[in-house]
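**Student:** The structure follows.
The values are calculated or read from the model by the stated rules, or taken from the named source; none is laboratory data. Every value quoted in this text rests on a predicted model; they were computed, and no experiment measured them. Ideal geometry is used to build each Cβ from the backbone, glycine not excepted, and the neighbour counts take in all protein chains shown. Side chains are part of the model used for accessible areas, which takes the heavy atoms of the whole protein and leaves out ligands, DNA and RNA. Shrake-Rupley method; radii C 1.70, N 1.55, O 1.52, S 1.80 Å.
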Amino acid sequence: MTHHVAPSVPAASARALCELSSSTAVDDPNDHLPAGYYMRKDGIYISDNADEDAVWLCSPLRLVGDARTPEGSKWSLILQLLDRDRRWKLHVIPKELFGGPASKFIAPLLGAGLDLAPGSSARKHLAALLQIWRNETLLLLVDKPGWSDREFTTFVLPDGTPIGTQDVIFTKDVTAPAASSAGSIDDWRNNVGALGVGNRLLVTAVSVALAGPLIEMLGEESVGLHFRGVSSSGKTTLIRAGASVWGPPAGTGGWNATKNGLEAAAAAASGTVLVIDEIAEAPTNELGDLLYLLGNGRGKMRMEVSGSRATSASWRLGILSAGEVSVAEHMRIAGRHAKAGHEMRLLDVVADDRLYRAFDDLHGSGAPAEFVDRLQRGYSSSYGTAGPAFVRFLIENRHNVAKYRSMIERISVAGADSYSVAAGDGQAQRALRRFALVALAGYLATGAGITGWTPACALRAALETFGAWHERHKQQPSRSEPDWMAITRSFVEAATAGLEEAQVGVAAPVPCSFGWLDDDYFYVTREVWQRHHTKPEEAARRLDAHGLLKTNGGGGLQFRMPRSIPRRPWVYAVSVRILDEVGVAAGPFAVVAGSKAA
């Protein structure tokens with residue numbers, strides 16, 4: 001929804017307020033109508049009193065209430081209208097439209113099916129009614145799936161259905177299939193989840209899908225795993241089993257999407273899981289940019305019709321990918337070198353080296369193909385129940401957020417000890433934390449009775465998968481970074497760590513302690529740069545050589561700020577990608593006691 005159009009809310013929002021969207025009339029439809037307006041069976045009438053002289057104004061229209069975003073902005077009027085097909089529709093009118101011509105908010109009502117008496121007088125009376133109509137109901141406007149509030153009381157599924165205590169109006173077009181679930185949670189547990197016992201890759205894939213709502217709740221980064229294996233190894237079956245946590249596995253996408261398409265898919269899956277198959281189909285020249293896009297969790301800044309900046313799409317989710325080649329191998333085809341930042345966003349998991357390629361335990365099936373068919377039949381008939389069940393568990397246990405964070409620390413400590421992760425290996429420490437989050441998701445869902453595993457099974461699967469990744473990681477050439485990059489990263493990280501979310505993700509530079517920042521660059525003043533670098537020119541040259549510095553050209557290493565900045569100072573404009581070139585060590589992990597699931 002933009003600020004300049006008053007759309008009918010998608011059908012999913014009617015489910016969000018099913019008790020308000022029924023086709024039956026309210027007990028007294030005139031309770032909240034202003035003086036001079038009356039509701040009858042065929043619509044709203046105007047009269048000084050409710051007598052035969054009343055004049056018909058429009059077809060039936062109800063006020064649901066006022067709505068606003070969780071941040072308290074974009075206040076809107078929420079209406080119901082009855083069209084000629086006798087269907088009640090929810091309709092949103094941004095209140096800022098009341099400051100302009102009435103046609104801006106009346107025309108979309110007519111397009112949605114409202115009948116209005118002819119003449120300018122009727123339009124004036126309707127405009128007046130909409131601007132003075134009030135009741136006590138307050139709702140939340142939500143434009144993406146996931147948690148709708150910072151207290152974690154309500155979660156919106158990709159199809160617009162809310163889970164929790166708040167009344168929600170979902171304002172985005174719904175891209176999820178109409179049938180987003182099938183079977184019961186018991187069916188899914190018995191036919192999909194339970195088959196993970198003894199199959200650590202299957203448990204890990206499902207746990208990544210379950211991690212979606214935990215990521216935002218705990219303030220963690222998105223988690224992406226790429227299952228790599230030969231043809232018919234079972235890697236696609238793994239990621240589709242993960243997809244079944246939230247919806248039909250047939251809804252998985254491919255890497256051959258455009259950048260805008262992938263951005264839209266990620267935003268539509270926020271808080272859940274994004275499943276992408278066949279990495280070989282990804283454009284070789286664009287895969288690196290696509291990985292940064294997914295991992296950074298924020299889309300491109302765009303403009304509204306009015307010329308003002310629109311809010312960019314954002315997401316935090318689990319990512320499951322599959323293919324016959326790794327990220328590094330696919331990028332090498334285009335002559336590009338995969339950086340640590342690329343690989344961290346989609347951790348490579350070998351999916352064809354188990355006893356039966358992707359699996360270890362066939363659960364009584366006579367052959368691997370028979371087991372795969374059994375699993376595929378399970379997730380094709382039972383899906384979309386495990387994720388919502390886990391969300392309900394998290395809502396009931398939202399007071400345990402601090403405890404869950406400490407559990408991630410403890411799981412990380414256990415993983416570091418078990419697999420001898422060097423304290424100075426920032427990339428391994430960062431990967432370990434992602435696997436610890438995956439382990440916690442599986443552990444908590446198991447404790448909630450969702451998966452059919454044992455708690456130890458969930459923890460062991462994720463950590464053993466990390467161990468296999470770490471063994472390959474140790475065999476790669478060292479990627480030690482020069483001091484100039486570490487120093488630059490260190491002071492920009494420290495300066496931005498305390499910024500509110502509203503201060504980042506913006507197109508125009510905003511002030512911060514080292515200078516300014518926006519969506520793409522840190523603008524470091526010369527004084528700050530020289531204070532942190534003993535050889536400031538050498539540091540700038542090295543960053544420029546790695547494509548991390550924006551300049552004004554002509555061989556210079558500095559950038560002049562735009563006219564919106566007083567006196568337009570010269571600065572060092574460092575790309576935000578510097579935070580992703582090499583994983584940053586998370587520091588010593590504190591061991592915190594207590595790790596029960598609830």
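**Student:** I'd like to check something: does region 276-285 contain any residue that is closer than 19 Å to A338 by Cβ, among the charged types (D, E, K, R), touching a helix residue (DSSP H, G or I) at 6+ places or on another chain (Cβ under 9 Å) and not in a helix (DSSP H, G or I)?
**Tutor:** So the first thing to find is which residues in region 276-285 are closer than 19 Å to A338 by Cβ, and the list is 276, 278-285.
Checking the rest, the ones that are also among the charged types (D, E, K, R) come to 278, 281.
Now narrow it down to the ones that are touching a helix residue (DSSP H, G or I) at 6+ places or on another chain (Cβ under 9 Å): 278.
Remaining after also requiring not in a helix (DSSP H, G or I): 278.
Among the residues of region 276-285, at least one is closer than 19 Å to A338 by Cβ, among the charged types (D, E, K, R), touching a helix residue (DSSP H, G or I) at 6+ places or on another chain (Cβ under 9 Å) and not in a helix (DSSP H, G or I), which makes the answer yes.
**Student:** For region 222-280, give me the residue count where each residue is open to solvent by 10 Å² or more (accessible area, probe 1.4 Å), closer than 18 Å to A313 by Cα and of a type in the set (S, T, N, Q).
**Tutor:** 3
**Student:** Could I ask something else about it? Looking only at residues that are among the small types (G, A, S) and open to solvent by 20 Å² or more (accessible area, probe 1.4 Å) in region 419-433, which one is nearest to G467 (Cα to Cα)?
**Tutor:** Among residues in region 419-433 that are among the small types (G, A, S) and open to solvent by 20 Å² or more (accessible area, probe 1.4 Å), the one nearest to G467 (Cα to Cα) is S420.
**Student:** Take R332 and tell me if it is surrounded by fewer than 18 Cβ atoms within 10 Å (Cβ to Cβ), modelled with pLDDT under 95, outside any helix (DSSP H, G or I) and over 28 Å from the mean Cα position of the chain (by Cα). Write out each step before concluding.
**Tutor:** On the way: surrounded by fewer than 18 Cβ atoms within 10 Å (Cβ to Cβ): yes; modelled with pLDDT under 95: yes; outside any helix (DSSP H, G or I): no; over 28 Å from the mean Cα position of the chain (by Cα): yes.
Criteria not met by R332.
**Student:** Cβ-Cβ distance below 7 Å, separation of 6 or more or different chains: which pairs start in region 45-57 with a residue that is within 20 Å of L116 (Cβ to Cβ) and end on one that is at pLDDT below 85 and among the acidic types (D, E)?
**Tutor:** What qualifies is S47/D53.
**Student:** Looking at A205, A117, which one is at pLDDT 95 or above and buried (at least 24 other Cβ atoms within 10 Å of the Cβ)?
**Tutor:** That would be A205, the only listed residue that is at pLDDT 95 or above and buried (at least 24 other Cβ atoms within 10 Å of the Cβ).
**Student:** Take the residues in region 570-587 that are in a helix (DSSP H, G or I) and open to solvent by 30 Å² or more (accessible area, probe 1.4 Å), then tell me which one is modelled with the lowest pLDDT. It would help to see each step written out before you state the result.
**Tutor:** Kept after step one, since they are in a helix (DSSP H, G or I), are these residues of region 570-587: 576-579.
Those left that are additionally open to solvent by 30 Å² or more (accessible area, probe 1.4 Å): 576-577, 579.
Values: V576: 87, R577: 85, L579: 79.
If we take residues in region 570-587 being in a helix (DSSP H, G or I) and open to solvent by 30 Å² or more (accessible area, probe 1.4 Å), then L579 is modelled with the lowest pLDDT.
**Student:** For the condition in contact (Cβ under 8 Å) with a residue 40 or more places away in the chain, in a helix (DSSP H, G or I) and closer than 26 Å to Q166 by Cα, what is the one hit in L126, L130?
**Tutor:** Unique residue meeting the criteria: L130.
**Student:** For region 62-82, check the following and say yes or no: at least one residue is loosely packed, with under 14 Cβ neighbours inside 10 Å, among the charged types (D, E, K, R) and outside any strand (DSSP E or B).
**Tutor:** Yes - at least one qualifying residue is present in region 62-82.
**Student:** Something else about it: Of the residues in region 488-512, how many are open to solvent by 30 Å² or more (accessible area, probe 1.4 Å) and at pLDDT 80 or above?
**Tutor:** Count: 1.
**Student:** Another question, if that's okay. Based on what the data block shows, is S412 part of a helix (DSSP H, G or I), within 18 Å of L347 (Cβ to Cβ) and among the hydroxyl-bearing types (S, T, Y)?
**Tutor:** Numbers: part of a helix (DSSP H, G or I): yes; within 18 Å of L347 (Cβ to Cβ): yes; among the hydroxyl-bearing types (S, T, Y): yes.
Spelling it out, S412 is indeed part of a helix (DSSP H, G or I), within 18 Å of L347 (Cβ to Cβ) and among the hydroxyl-bearing types (S, T, Y).
**Student:** If the requirement is being under 23 Å from the mean Cα position of the chain (by Cα) and open to solvent by 10 Å² or more (accessible area, probe 1.4 Å), which of these qualifies: A402, A416?
**Tutor:** A402
**Student:** May I ask you to list the residues in region 553-569 that are within 15 Å of L543 (Cα to Cα) and surrounded by 14 or more Cβ atoms within 10 Å (Cβ to Cβ)?
**Tutor:** The answer is L557, Q558, F559.
**Student:** Does any residue of region 118-141 turn out to be within 23 Å of the chain's Cα centre (by Cα) and closer than 27 Å to P248 by Cβ?
**Tutor:** So the first thing to find is which residues in region 118-141 are within 23 Å of the chain's Cα centre (by Cα), and the list is 139-141.
Checking which are closer than 27 Å to P248 by Cβ leaves us with none.
Scanning region 118-141 turns up no residue that is within 23 Å of the chain's Cα centre (by Cα) and closer than 27 Å to P248 by Cβ.
**Student:** Follow-up. If you go through region 296-305 one residue at a time, do you hit one that is surrounded by 16 or more Cβ atoms within 10 Å (Cβ to Cβ), modelled with pLDDT of 95 or more and at positive phi?
**Tutor:** The answer is no; no qualifying residue exists.
**Student:** So, in region 335-384, of the ones that are among the small types (G, A, S), within 30 Å of the chain's Cα centre (by Cα) and under 30 Å from N296 (Cα atoms), which residue ends up surrounded by the fewest Cβ atoms within 10 Å (Cβ to Cβ)?
**Tutor:** A340
**Student:** Let me ask another. Return the residues of region 434-464 that are farther than 18 Å from G387 by Cβ and open to solvent by 10 Å² or more (accessible area, probe 1.4 Å); say none if nothing qualifies.
**Tutor:** Start the filter on region 434-464 by keeping residues that are farther than 18 Å from G387 by Cβ, which leaves 434-436, 454-457, 459-461, 463-464.
Hits for region 434-464 are R434, T454, P455, A456, C457, L459, R460, L463, E464.
**Student:** So for region 189-199 (the condition being open to solvent by 20 Å² or more (accessible area, probe 1.4 Å), under 13 Å from V438 (Cβ atoms) and modelled with pLDDT of 95 or more), does at least one residue qualify?
**Tutor:** Applying the first criterion (open to solvent by 20 Å² or more (accessible area, probe 1.4 Å)) to region 189-199 yields 189-191, 194, 197-198.
Okay, now just the ones that are also under 13 Å from V438 (Cβ atoms), so none.
No.
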